[in-house]
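Read-outs: derived from the displayed coordinates by stated rules, not from any lab. In this text the structure is predicted, and so the values were computed from the model without any measurement. Virtual Cβ from ideal backbone geometry, glycine too; neighbours counted across all protein chains shown.
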Amino acid sequence: MTRMVNCVLLGQEAPGLDRLPYPGELGQRIYANVSREAWQKWLGHQTMLINEYRLTPIEPKARKFLEQEMEKFFFGEGSAAPEGFVPSGD
C-alpha cells in the first residue's frame, strides 16, 4: 500500500517517499511532509543549481549550500534560480 503524505510543496495529499531521502532531521521532515512528485521537482532544481553554480557535491561547502536550498525549497520561501538563469526549452 502506498504511503500518503500531505505534501507541503503541492498543498495536497499525494504518495510519499519510500525511504528517507536525506540523513538527519531534515530527511525526517522531508519523509513526513514531501511527496514523490515534489521530491522529483527538487532533484531537477538541485541539478540546475549544481550546474549553474558549478558545484562539486562532495565538497562540504557545496553540500551545506544544497542543504540550505533544500530547506528553503520545501519549508521556506523557496529556492530561487541563479540570477540571469534562463531555462532551456527542452
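I need the trypsin sites (Lys or Arg not before Pro) found in the range 1-35, filtered to DSSP loop residues with at most 14 other beta carbons within 10 Å of theirs.
R3, R19
Test of the criteria: in the range 7-81, which GluC sites (Glu not before Pro) are in a DSSP loop and have at most 12 other Cβ atoms within 10 angstrom of their Cβ?
E77
Quickly estimate the mean residue ellipticity at 222 nm for the chain, helices only: each DSSP H run with n ≥ 4 gives -39500 (n - 2.57), and the total goes over all residues, rounded to 500. Display every interim value, and only then the final one.
Numbers: 3 runs with 43 residues, N = 90.
It lands at -15500 deg cm²/dmol.
What does the range 4-75 give for Rg and for Dmax, in Å, if only its C-alpha atoms count?
Cα-based Rg and Dmax for the range 4-75 come out at 12.3, 35 Å.
Between exposed chymotrypsin sites (Phe, Trp or Tyr not before Pro) in the chain, where DSSP calls loop and at most 16 other Cβ atoms lie within 10 Å, what's the longest gap?
Formally, the longest exposed-site-free interval is 1-52.
Relative to the longest principal axis of the chain, what angle (0 to 90°, nearest 10) does the C-alpha long axis of helix 36-52 take?
10
List the aspartates and glutamates whose Cα sits under 20 Å from the Cα of K41, skipping any in the same chain fewer than 8 residues away.
Within the straight-line cut-off, K41 pairs with E13, D18, E52, E67, E69, E71, E77, E83, D90.
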